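The structure appears right after this line, and notes come after that.
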Amino acid sequence: MCGIVGYIGHRQAADVILDGLKRLEYRGYDSAGMVVSPQGANLNLVKRAGKLGVLAEAVKTTPLKGTLGLGHTRWATHGKPTDINAHPHLSEDGRLAVIHNGIIENYLPLKKQLLAKGHVFASDTDTEVLVHLIEEHYGGDLVAAVRAALVEVSGAYALVVFHADYELIVAARATSPMVIGIGKNENFVASDVPALLPYTRKVVFLHDGDMALISRDEITVTDFVGQVLEREVSNIDWDAEAAEKSGYPHYMLKEIYEQASVLQQTFGGRFAANGSDVALDLTLNPALIDRVVITAAGTASYAGMVGEYLIEKLARLPVEVEVASEFRYREPVLNERTLCVVVSQSGETIDTLEALREAKRQGAKTLAILNVKGSSISREVDDVLYIHAGPEIGVASTKAYMAMLAAFELLAIWLGRHRGTLSDERAAEIIRALRHTPVLIEQALESREQIAQIAEAFKGYNDYLFLGRGINFPTALEGALKLKEISYIHAEAYATGEMKHGPIALIDDDMPVVTIATKSSLYEKTVSNIQEVKARDGIVIALINEADEEIKNHIDYAISVPETDELVSPLVNVVALQLLAYETAERLGLDVDQPRNLAKSVTVE
Ligand code: F6R
């Protein structure tokens with residue numbers, strides 16, 4: 001949550017920062033600010049409530065000159081999104097600037113102490129406590145002052161600081177992510193890699209408890225007491241283009257359209273030459289586990305639910321799925337024969353990270369399905385299965401979900417083959433279907449016009465019901481979540497067979513019912529459920545297979561997607577539901593890429 005960009009080098013810092021913030025706006029977009037140090041003079045600060053565009057306009061009229069600066073795009077936690085509460089925060093003498101992501105948990109007692117010492121606070125934020133605390137300790141040595149302040153602070157944070165007296169950025173990390181970009185006679189710091197892509201691919205991911213001293217031509221990483229630490233320099237293989245809209249009106253739409261090629265990346269080199277196995281680079285020994293627990297948040301947890309169906313079917317292991325925010329607090333029962341799979345695009349979601357830590361504490365084997373390399377989860381887990389989805393900028397996750405599903409397909413086949421529960425023939429059949437999926441996704445995208453007409457017809461409705469069963473129950477959950485997130489229309493999802501146990505009371509001609517009715521082992525039962533909805537004057541929008549003419553007699557609107565193996569169908573079906581959410585939000589004139597109240601990568605509880 002919240003984006004940080006810092007620059008020290010030979011370019012105008014304001015240009016680099018604004019450009020970087022644009023790439024990080026998905027991390028928070030309720031206010032933004034920037035501070036630049038013109039050598040020797042007092043710091044120049046501009047900050048505004050509202051989206052980044054408001055700041056960009058303000059910077060046009062107040063150009064900020066200087067080659068050292070910090071910028072922030074905020075997702076408010078403490079204090080409303082106002083000009084004053086926006087970051088950076090300056091000290092009372094205007095010479096010290098601080099930006100902070102995360103939460104300072106003990107800010108109230110600290111604020112009380114600082115007020116008693118005569119400090120005057122301007123904002124309602126927890127961050128401002130840091131400014132006054134560093135100022136309180138400042139006796140001419142900035143680094144020593146930051147260290148002394150951090151000793152008194154508790155919470156999860158990523159912090160960047162500079163002082164008008166120094167040509168230096170001081171960064172510190174406790175839980176919230178932070179990455180340093182290494183350039184030539186210039187260096188960068190950011191909360192997330194996309195901000196750095198146009199400038200450098202050489203990065204250092206800070207670990208928890210790291211502090212970095214960043215000057216134009218040197219980077220030193222230490223712990224909080226000053227002990228120098230060795231940190232690996234990683235090369236990022238994402239291209240800058242991948243973080244651009246490339247002609248699409250929204251990142252989300254671009255990412256929906258990228259899904260066929262993302263799948264090729266996820267599968268890349270992982271199918272064995274014999275056509276009936278997969279090769280995964282894991283240290284895990286499947287013979288040593290007898291149970292799987294999958295935990296994640298939001299969309300990633302729905303990918304986990306598809307994983308549950310796949311692993312149980314193909315590898316015959318018992319699987320449980322639970323959202324990480326619940327899992328971590330309920331003293332789950334795990335042991336060394338449990339495999340805990342955590343799923344995360346960002347690798348930084350605090351609930352998922354803490355769930356992983358809980359699993360490790362209990363001695364479980366751990367595996368992460370992840371997108372972002374160098375992320376916190378990647379550093380703590382035993383094994384990683386990267387999904388290779390590239391940077392996902394749209395706040396509503398689409399291509400990462402697709403790649404997570406693909407990763408679960410691979411994992412389930414791998415486990416099934418190792419455990420002897422999946423035959424050569426069935427493995428080959430699923431792998432053939434998976435290889436063909438990119439083509440089917442392209443075909444599913446051709447339904448966009450059909451979907452747009454449905455979105456137009458129902459954009460004014462207040463409630464939607466999504467139904468799906470079997471391996472497509474999670475698809476219904478994901479479809480409802482996408483619609484809620486970006487169109488703000490209330491949408492609930494149920495397992496189709498559950499409808500009779502309650503939700504059927506809601507059915508009337510005011511609530512469209514989106515039913516996943518593609519060919520499956522439970523197809524006939526789904527058709528019966530559709531008839532139950534129709535008998536109560538419900539409106540049925542059904543996701544059907546192209547060749548299924550018969551079902552059209554029972555439904556009001558059809559969205560056609562190509563048929564595939566039932567176990568692979570969630571990958572194809574979800575595309576139509578992503579488009580339905582997108583087309584609806586578009587028609588309602590909403591900001592698809594930056595839905596209200598949301599931020600990508602939730603690093604606070
Ligand atoms: C929904 C969405 C969120 C994330 C969730 C987990 O579109 O993006 O529900 O899926 O916050 O995020 P990661 O995968 O980064 O752990």
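The values are calculated or read from the model by the stated rules, or taken from the named source; none is laboratory data. Since the model is a prediction, treat every value here as computed from it, not as a measurement. Positions of Cβ are generated from backbone atoms using ideal geometry, with glycine treated the same way; all protein chains shown enter the neighbour counts. Protein only, heavy atoms only, side chains kept; ligands, DNA and RNA dropped before computing areas. Shrake-Rupley method; radii C 1.70, N 1.55, O 1.52, S 1.80 Å.
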Give the residues of the stretch 123-165 that are of a type in the set (Gly, Ala, Ser) and within 18 Å of THR73 (Cα to Cα), sorted by residue number. SER123, ALA156, ALA158
It is to be established whether one or more residues within the stretch 145-164 are part of a strand (DSSP E or B) and surrounded by fewer than 18 Cβ atoms within 10 Å (Cβ to Cβ). yes
Among the residues of the stretch 458-466, is there at least one that is under 29 Å from the mean Cα position of the chain (by Cα), buried (at least 24 other Cβ atoms within 10 Å of the Cβ), of a type outside the set (Asp, Glu) and under 21 Å from GLY307 (Cβ atoms)? yes
Determine if the stretch 562-584 includes at least one residue that is at pLDDT below 95 and away from the ligand (no atom under 16 Å from the Cβ). no
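Does THR295 meet the test of being within 14 Å of the ligand (Cβ to nearest atom), buried (at least 24 other Cβ atoms within 10 Å of the Cβ) and part of a strand (DSSP E or B)?
In short, yes.
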Positions within the stretch 523-556 being assigned to a loop (DSSP other than H, G, I, E, B), modelled with pLDDT under 95 and more than 16 Å from ILE504 (Cα to Cα), in sequence order: GLU546, ALA547, ASP548, GLU549
Do any residues in the stretch 287-306 that are of a type in the set (Lys, Arg) have Cβ atoms under 7 Å from those of residues that are open to solvent by 20 Å² or more (accessible area, probe 1.4 Å) and within 16 Å of the ligand (Cβ to nearest atom), where the two are at least six apart or on different chains, and which pairs are they? none
Residue pairs qualifying under the 6 Å Cβ cut-off, at least six apart or on distinct chains, with the first in the stretch 331-355 being under 21 Å from GLY394 (Cα atoms) and the second being within 7 Å of the ligand (Cβ to nearest atom) and part of a strand (DSSP E or B), are VAL343/ALA296; THR352/ALA296; THR352/SER344
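Conditions (1) more than 20 Å from the chain's Cα centre (by Cα); (2) open to solvent by 30 Å² or more (accessible area, probe 1.4 Å), marked per residue:
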position	(1), (2)
TYR329	yes, yes
LEU334	yes, no
VAL343	no, no
VAL372	no, no
LEU385	no, no
GLY390	no, no
VAL395	no, no
Pairs with Cβ under 7 Å, 6+ apart, first in the stretch 189-202 and among the basic types (Lys, Arg), second open to solvent by 10 Å² or more (accessible area, probe 1.4 Å) and not in a strand (DSSP E or B): ARG201/ILE236; LYS202/VAL233
